[in-house]
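First up is the structure itself, then whatever we jot down about it.
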Amino acid sequence: MKLGFIGLGVMGAPMAAHLVAAGHDVSGYDVTPAAGEKLAAAGGRAATGVADAVAGADVVITMLPNHPQVEEVVLAAGGVLDTAGPGTLLIDMSTIRPETSIAIAEAARDRKIRVLDAPVSGGQAGAEQASLSIMVGGLDEDFAAAKPVLDAVGKTIVHVGPHGAGQVVKAANQLVVGGIYGLVAEAIVLLEASGVDAATGLDVLAGGLAGSRILELKRRSMVDRQFAPGFRIDLHHKDMGIALAAARQADVALPLTGLVAQLVAAGRAMGYGSLDHSALLKVVEQLSGRVPAEV
């Protein structure tokens, strides 16, 4: 297919490269020119702007930081909806507010442009390994049309409901991930303060009911205080805001989510925003009066 890809950042760049490798004709645009050059080196084409990336595309993918960028790229004059032809499939893979995804789908309907919200989980490593989990909101027939494209960048690809549902599932994902990171951080602090080797203790936990993907992948780096970002606290802070807003919209109480959101916000306020979200350990250490290790 002919694809337009907008947003060639830490996640978007490897995703676009995988689409090129899968045989698609990919034109990509990013506000950073070097990102377009990198795509060109991988066999794609560096577009000069949004309209250039979108022109003639069968499918347009956006992978952007937050809803203001998505709204600017999609809804503004000269954006995706202005440029794409009838029948184009727009797949927004950004993590944004569900209401923004719904509003975009409604605006696109009048122009006969099909839309899916398809946020991802798996971080930079998942993007680089084409092993992302993708939660998709939209119509059945549009999901079926998008599946061959999504297969090139993900492993677990599930249609979870109507427009906006993908974003709700992503919000649920982020509150669970944040909560587990917070609890693993507390476990490490408890183990170390009690004179127990944290690495050994977490090995035991990982093999029992407390086992999780986070313990599997991150327990060693957390004990070693290695916080090079796979997914930054700054971005998780944004995502926790989305989760809390979704809870308010659904009129439900999520008290643990609120606490996790405050821990993430504290990490950002302490200057850890550019670190991996596993750096919640540094927040818990400070709350416990323990001197955090140097990064």
Go ahead and estimate [θ] at 222 nm for the chain from helices alone: -39,500 (n - 2.57) per DSSP H run with n ≥ 4, summed, over the residue count, rounded to 500. -16000 deg cm²/dmol
If you plug each phi of the range 237-252 into the Karplus form 6.51 cos²θ - 1.76 cosθ + 1.60 with θ = phi - 60°, what whole-Hz ³J(HN,Hα) values come out, in order, with x for Gly and Pro? 4, 4, 5, 5, x, 5, 4, 5, 5, 5, 5, 5, 4, 7, 6, 10
Helix axis angle, 213-223 relative to the chain longest principal axis, alpha carbon, degrees: 50 degrees
Which of Arg45, Arg114, Arg248 moves most in a GNM of the chain, Cα contacts under 10 Å? Arg248
Taking springs between alpha-carbon atoms closer than 10 angstrom, which of Asp251, Asp25, Asp276 fluctuates most in the Gaussian network model of the chain? Asp251
Candidate lysines for bridging to Lys38, where Cα separation is under 25 Å - those fewer than 8 sequence places away on the same chain excluded: Lys2, Lys155
Using alpha carbons only, how many angstrom separate the centre of the range 250-295 from the centre of the range 56-101? 32 Å
Got a sec? Charge dipole of the chain, +1 on Cβ for Lys and Arg, -1 for Asp and Glu; which of Val204, Val60, Ala105 is way out at the positive end? Val204
Residue-count net charge about Val136 - beta-carbon cut-off 15 Å; Lys, Arg +1, Asp, Glu -1: -2
Amide H contacts of Ile6 (H built 1.01 Å from N, under 5 Å, at least 5 apart or other chain): Tyr29, Ile61, Thr62, Met63
So what are the ³J(HN,Hα) numbers for the range 99-107, from phi and the Karplus equation (6.51, -1.76, 1.60; θ = phi - 60°), rounded to whole Hz, Gly and Pro as x? 5, 5, 4, 5, 4, 5, 4, 5, 5
0 to 90° range, to nearest 10: angle between helix 140-150 axis and the chain longest Cα axis: 70 degrees
Pick the calculated Cα extents along the principal axes in Å for this structure from [x] 64, 45, 33; [y] 59, 43, 32; [z] 72, 47, 30? [x]
Karplus-derived 3J(HN,Hα) from phi for the range 113-129 (6.51 cos²θ - 1.76 cosθ + 1.60, θ = phi - 60°), whole Hz, x at Gly and Pro, runs 9, 8, 9, 10, 9, 9, x, 10, 10, x, x, 4, 4, x, 5, 5, 9
Can you send over the carbon and sulfur percentage of the accessible area for the range 1-112, probe radius 1.4 Å, protein chains only? 56 percent
Just to confirm, what accessible area per residue do you get for the range 154-258 at 1.4 Å probe, in whole Å²? 52 Å²
Counting only protein heavy atoms and rolling a 1.4 Å probe, one gets per residue an accessible area for the range 1-74 in Å² of 41 Å²
Within the set Gln129, Gln226, Gln249, GNM on the chain using Cα springs under 10 Å gives the largest fluctuation to Gln249
Tell me the relative contact order for the range 5-124 as a rounded percent, counting alpha carbon contacts under 8 Å between residues six or more apart. 22 percent
18 Å cut-off, amide nitrogen to a point 7 angstrom out along Gln249 Cα→Cβ, residues in the range 123-145: 135-139
Using modelled amide H (1.01 Å from N, peptide plane; none on Pro or chain starts), what sits under 5 Å from the amide H of Thr95, excluding residues fewer than 5 places away? Leu64
If packing is taken as the mean number of other Cβ atoms within 10 Å per residue, what is the order of 187-197, 260-270, highest first? 260-270, 187-197
Sorting Gln167, Ser288, Tyr272 by the position of each Cα along the dipole of the chain (Lys, Arg +1; Asp, Glu -1; all at Cβ), the one nearest the positive end of that ordering is Ser288
Nearest-20 debye value, the chain charge dipole, Cβ charges on Lys, Arg, Asp, Glu: 220 debye
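For the range 55-149, what is the charge dipole size about the Cα centre, in debye to the nearest 20, if Lys and Arg each add +1 at the Cβ and Asp and Glu each add -1 at the Cβ?
Around 100 debye, computed over the range 55-149.
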Rounded to the nearest 10 degrees, what's the angle between the helix 165-193 long axis and the longest principal axis of the chain, both from Cα atoms, 0 to 90? 20 degrees
Dipole size in debye (nearest 20) for the range 141-248 around its Cα centre, Lys and Arg Cβ +1, Asp and Glu Cβ -1? 160 debye
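The values are calculated or read from the model by the stated rules, or taken from the named source; none is laboratory data. Note that the structure is a prediction, hence the values are computed from the model and not measured. Methodologically, a virtual Cβ is constructed for each residue, glycine included, from the backbone with ideal geometry; neighbour enumeration extends over all protein chains shown. Please note that ligands, DNA and RNA were not included when accessible areas were found on the heavy atoms of the full protein model with its side chains. Shrake-Rupley method; radii C 1.70, N 1.55, O 1.52, S 1.80 Å.
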